Amino acid sequence: HLRRELEQVRAESLSDALTGISNRKAFDAALERVFQACEEQDTTCSLLLADIDHFKKFNDTFGHMVGDKVLRFVGATLKSWVKGKDIAARYGGEEFAVILPDTDSAGACVLADQIRKAISSGKLKNRESGESYGRLTISIGVSQFRPGDLPADLIKRADEALYTAKTNGRNRIEHQL
């Protein structure tokens with residue numbers, strides 16, 4: 001019984017309570033493991049960094065409860081598209097990350113665009129009043145592992161690509177090799 005409870009506490013400590021996907025602590029540990037595998041097995045991986053476009057507007061206009069619904073929706077969408085060894089995580093605030101072992105940047109860009117389209121086609125509305133909360137979009141930066149990289153290098157390139165996606169109009173994918 002105690003062992004089960006300990007395992008449950010451990011699992012909870014690695015999950016984001018709001019979205020149900022991995023949290024930043026789990027992301028950091030997973031990225032280290034994936035990097036080690038890339039170096040030992042001479043494979044590659046890619047990283048998606050995603051940010052909800054105009055998230056502050058949702059919170060300011062509709063309140064934090066709606067903001068939380070938006071975060072849960074994005075988390076659920078990521079969970080539905082991320083399969084196998086891939087890891088989806090809430091990176092912080094309205095930012096999300098997806099680690100894609102054994103995936104090059106071309107494959108990562110395809111998945112990123114599928115996620116982007118799934119999120120932008122979602123309908124967010126008040127169940128009671130039927131009021132629409134507007135269209136939700138997401139911008140995604142993609143980077144691929146390079147031999148000799150540290151995890152921070154991959155994150156930095158994905159973050160730079162994400163910034164480019166935001167600068168170039170949002171609701172888009174950008175990648176940096």
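Please say if the chain is rounded, prolate or oblate, where rounded means a/c under 1.5 for a ≥ b ≥ c the square roots of the C-alpha gyration tensor eigenvalues, and otherwise the choice is prolate for a/b larger than b/c and oblate otherwise?
Details: a/c = 2.22, a/b = 1.24, b/c = 1.79.
Verdict is oblate for the chain.
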*Rank TYR91, TYR133, TYR163 by mean-square fluctuation in a GNM of the chain with C-alpha springs under 10 angstrom and give only the top-ranked residue.*
TYR133
*Counting only heavy atoms of the protein chains, get the accessible area per residue of the chain (1.4 Å probe) and round it to a whole Å² value.*
55 Å²
_Prolate/oblate/rounded label for the range 126-177 (Cα gyration tensor, a/c 1.5)_ = prolate
*Tell me the trypsin sites (Lys or Arg not before Pro) within the range 120-149 that lie in a loop according to DSSP and have at most 14 other beta-carbon atoms within 10 Å.*
LYS123, ARG127, ARG135
*asked:* Need one number: nm distance between label points at SER132 and LEU2, each 7 Å from Cα along Cα→Cβ, rounded to one decimal.
replied: 5.7 nm
*asked:* Output needed: percent of Cα pairs per 5 Å distance bin for the range 16-88, bins running from 0 to the one holding the longest distance.
replied: 3, 14, 20, 21, 16, 11, 8, 4, 2, 1
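Before rounding to the nearest 500, sum -39500 (n - 2.57) across all DSSP H runs of length at least 4 in the chain and divide by the residue total; then give [θ] at 222 nm in deg cm²/dmol. Mind dumping the intermediate values first?
Values: 6 runs with 89 residues, N = 177.
Counting only the DSSP helices, I get -16500 deg cm²/dmol.
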_Less than 13 Å apart at the alpha-carbon level, and either on another chain or at least 8 residues along: which aspartates and glutamates does that give for LYS85?_
ASP102
_Running a GNM on the chain with Cα contacts under 10 Å, which residue among ASP153, ASP42, ASP28 ends up with the highest mean-square fluctuation?_
ASP42
_Using the Cα centre of the range 1-155 as the reference point, and only Cβ charges (+1 on K/R, -1 on D/E), how large is the resulting charge dipole? Debye, rounded to the nearest 20._
740 debye
*When the accessible area of the range 10-51 is split by element with a 1.4 Å probe, what percent falls to carbon and sulfur?*
46 percent
*Extending each Cα 7 Å along its Cβ direction at ASP68 and SER13, get the distance between those two points in nm, one decimal.*
2.5 nm
*Of the listed pairs LYS117/LYS166; LYS69/LYS156; LYS57/LYS83; LYS83/LYS123, which have alpha-carbon separations greater than 27 Å here?*
LYS69/LYS156; LYS57/LYS83
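Please report, in debye to the nearest 20, how large the charge dipole of the range 90-177 is about its Cα centre when each Lys and Arg carries +1 at its beta carbon and each Asp and Glu carries -1 there. Don't skip to the answer; put the middle values down first.
Numbers: 13 positive and 12 negative charges, 86 e Å.
Computed charge dipole of the range 90-177: roughly 420 debye.
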*Which value, in debye to the nearest 20, gives the size of the charge dipole of the range 1-74 about its Cα centre, when Lys and Arg are +1 and Asp and Glu are -1 at the Cβ?*
380 debye
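The values are calculated or read from the model by the stated rules, or taken from the named source; none is laboratory data. Please read these numbers as outputs of a predicted model, since none were measured by experiment. No Cβ is skipped: glycine too gets one built from the backbone with ideal geometry, and neighbour counts run over all protein chains shown. Side chains included, ligands, DNA and RNA excluded: accessible areas come from the protein's heavy atoms. Shrake-Rupley method; radii C 1.70, N 1.55, O 1.52, S 1.80 Å.
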